[in-house]
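Contents: one structure, followed by commentary.
Only the coordinates and a few stated rules stand behind these numbers; no lab work does. Being a predicted model, the structure only gives us computed values, none of them experimental. Neighbour counts run over all protein chains shown; Cβ positions are idealised from the backbone, glycine included.
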Amino acid sequence: MEHLVSIDQISNGQIDDLFFLAEHMQRGHQEAYRFRPREKVVANLFYEPSTRTAASFHVAAVRLGASVFTVDDVKFSSMAKGESLEDTVQVIGGYVDAIVLRHPDDDAAELAAKFSPVPVINAGCGAGEHPTQALLDLYTIRREQGPIYKLTVGLMGDLRHSRTVHSLVRLLRRHGARICLISPGELQLPLSMKSGSDISFSSLDACIDQLDVLYLTRVQWERMSENAQRLYNFKYGLEPEMLARASPSMIVMHPLPRTSELPREIDADPRARYFQQAKNGLYIRMALLRGMLA
Ligand code: NCD
């Protein structure tokens, strides 16, 4: 795999290999996969805020023995002088072995991949895709709940703007999951991303008892116009009492950061898996970097 811009670029066979390696590393077998000292350098180019993704890519690289060069304060780089993304990746790509890119434009990673001399990994671009998040989500679901084709997965919240959902929904379909889409009308999954086999609900109440996985997302206010921000007052979420109607084996996931849709009281419920999910991201990113930098 040269670049990872879209989740469609990684085959199911490659995903099986990636998960096998991630699992192996998660069990503590990391020494054999370390690069030689000073062998590899990764650039973390973050044009949009990030906590988990930036930190886990950084730590993944460091644990593999690679060094990391980070640009996340655009004010202090040539981007502030109006340098194009094409030029930036061409130059930075001449210094490093891979570029991890987060950007507010949906097609930024695709553009970067055209100009970069080294692999580009999409770390979340606009309302487009977030393939590495989808991989760690699928990894978490498979570890916790077993074969994906047996599962009913509820994707709930801002399905319109959530790039994590845009990548994950395709990955889940490819693996044969039954998908329930739960969102307010204005926040539905874009029509072009829907499939005839999806089942849509406007409230969680109507389907929570059917779910093996509930995947919540926050409202992405920053991706809406000021007008829409004034107009809408979306209220949805997982109330702690609703969990009484869910299966005892259902798991609750969230890419984080959370807002009011996922109250802190839920953290104490044994079905909460979002912190484990975030942790799994480290091993998925280690396995990915190991494969792409080799
Ligand atoms: C998500 C993102 O950046 O798309 N966060 C993440 O990477 N874990 C979700 C979000 O911002 O809501």
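Free of any chymotrypsin sites (Phe, Trp or Tyr not before Pro) that DSSP assigns to a loop and that have at most 14 other C-beta atoms within 10 Å, the longest stretch within the chain is 96-231. Its residues counted as N, the chain yields a C-alpha radius of gyration over 2.2 N^0.38 Å of 1.00. Here the chain carries DSSP beta bridges of which approximately 5% are antiparallel, counting only pairs with both residues inside.
Mind running the shape call on the stretch 102-144? Use the C-alpha gyration tensor, a ≥ b ≥ c as the square roots of the eigenvalues: rounded below 1.5 for a/c, prolate if a/b tops b/c, oblate otherwise. Oblate is the answer for the stretch 102-144, as a/c is 1.5 or above yet b/c matches or exceeds a/b. Across ASP16, ASP72, ASP137, mean-square fluctuation computed from a Gaussian network of the chain (C-alpha pairs under 10 Å connected) peaks at ASP16.
Rounded to the nearest 5, the antiparallel percentage of DSSP beta bridges internal to the stretch 97-225 is 5%.
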